[in-house]
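Everything below concerns the one structure shown next.
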Amino acid sequence: MNELSILQPDDWHLHLRDGSALGAVVGASGAQFARAIVMPNLKAPVVTVAQALAYRERILAALPAGSRFEPLMTLYLTETTVPAEVRAARASAFVHAVKLYPAGATTHSEAGVGDWRRVRATLAAMQEVDLPLLVHGEVTERDVDVFDREEAFIERVLVPLRGEFPELRVVFEHVTTRQAVDYVREAPGRIAATITPQHLLYNRNAIFSGGLRPHWYCLPVLKREEHRLALVAAATSGNPRFFLGTDSAPHAARLKEHAAACAGCYTAPHALELYACAFETAGALARLEGFASLYGPDFYGLARNRGRVLLRRAPWQIPATLPFGAEGIVPLAAGETLDWKFVGPTP
Ligand code: NCD
Ligand code: ZN
């Protein structure tokens with residue numbers, strides 16, 4: 001197969017940042033995806049519907065002329081988020097979910113939730129109005145090994161939380177382990193998971209091959225090969241609980257190539273190509289459309305897109321660096337060759 005036409009896909013987990021960084025990255029997502037769930041972890045987190053509306057307007061203003069990309073906004077859950085904000089979000093046409101960051105788990109998570117039991121009233125309101133909860137699924141306890149934090153989150157947070165709110169729609173974001181895949185596959189109720197391209201393509205060796213490689217550092221961190229294989233099996237299984245979320249998380253090269261490197265892989269410019277390579281290697285290109293274009297909108301209760309996009313087998317080299325405001329940014333797998341190229345809307 002040398003050409004692949006699929007229904008226009010969406011990105012169900014994306015970081016767009018703000019200011020000049022936003023301007024530098026939003027066009028890349030808009031070129032490949034019709035819509036994206038936009039993460040609210042700005043330096044000043046997006047905690048109210050009014051802030052989400054203002055951020056949405058900044059995103060639309062930063063889009064290249066003619067783009068019809070639709071940002072699907074989210075709120076950042078804090079211990080002071082009130083049920084009324086949840087109701088206002090549901091009543092708005094543009095807020096589609098609330099994101100739970102365990103405090104201290106990742107970039108700009110300081111304002112996140114220390115203990116989910118303190119946000120019960122807000123979770124109850126979300127369940128009542130059916131506003132999805134998106135979770136960064138890692139515990140933050142120092143005594144838990146970094147590589148075990150996702151597994152611990154399932155037992156310590158996800159199971160008890162979902163036990164108390166069994167009707168709450170939940171997305172386990174960027175799953176990285178066999179345990180998370182098994183949980184999402186088997187758990188009762190309305191649960192789904194996003195999977196990133198880096199977790200399908202690489203195991204943790206990538207971070208340590210030929211030196212310390214900060215551009216492969218993201219959170220949750222890459223895991224062992226057995227986990228990567230479980231993720232590939234889930235993504236290519238045709239199970240609608242697993243769908244595309246790039247977690248493209250741009251940081252300036254200067255802050256990645258740093259003594260305390262920021263976590264996040266920048267994949268927006270070549271996201272679909274990365275996924276196509278992962279699916280092709282698994283012999284499952286025919287399953288890419290479900291994962292990329294069907295199961296996400298179905299889970300969120302949104303209409304599927306109508307147009308189609310084309311990918312072509314045409315090897316090309318990922319650029320070494322790209323502009324990022326006044327700085328540069330290094331895309332994931334910079335300098336490497338990909339077999340598939342995104343062409344654009346199917347003629
Ligand atoms: C994300 C970021 O930089 O905002 N980083 C990452 O490594 N994925 C935050 C997140 O999704 O954890
Ligand atoms: Zn993320």
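Please give me, ordered by residue number, the trypsin sites (Lys or Arg not before Pro) of region 35-77 that lie in loop per DSSP and have at most 13 other Cβ atoms within 10 Å.
In loop regions of region 35-77 (DSSP not H, G, I, E or B), the sparsely surrounded trypsin sites (Lys or Arg not before Pro) are Lys43, Arg68.
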Pairwise FRET efficiency - Glu79 versus Arg287, Cβ, R0 = 35 Å, nearest 0.05: 0.30
Reach of Lys43 by Cα under 16 Å, taken over aspartates and glutamates that are not fewer than 8 positions away in the same chain: Asp18, Glu110
Where a label projected 7 Å from the Cα of Asp130 along Cα→Cβ would reach, residues of region 291-318 with amide N under 12 Å: 299-302
Base-10 log of normalised Debye intensity for region 3-345 (one unit scatterer per alpha-carbon) at q = 0.09 Å⁻¹: -0.43
Ratio of Rg to Rh over region 123-195 (Cα coordinates, Kirkwood Rh, two decimals): 0.96
Long-range amide H partners of Arg224 with built H, under 5 Å: Arg204
Percent of beta bridges antiparallel (DSSP, the chain, rounded to nearest 5): 40 percent
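Each reported figure results from applying straightforward, stated rules to the coordinates on display, with no laboratory input. These numbers were taken from a predicted model, which means no experiment stands behind them. When we count neighbours, we look across all protein chains shown, and the Cβ atoms used for this are built from the backbone with ideal geometry, even at glycine.
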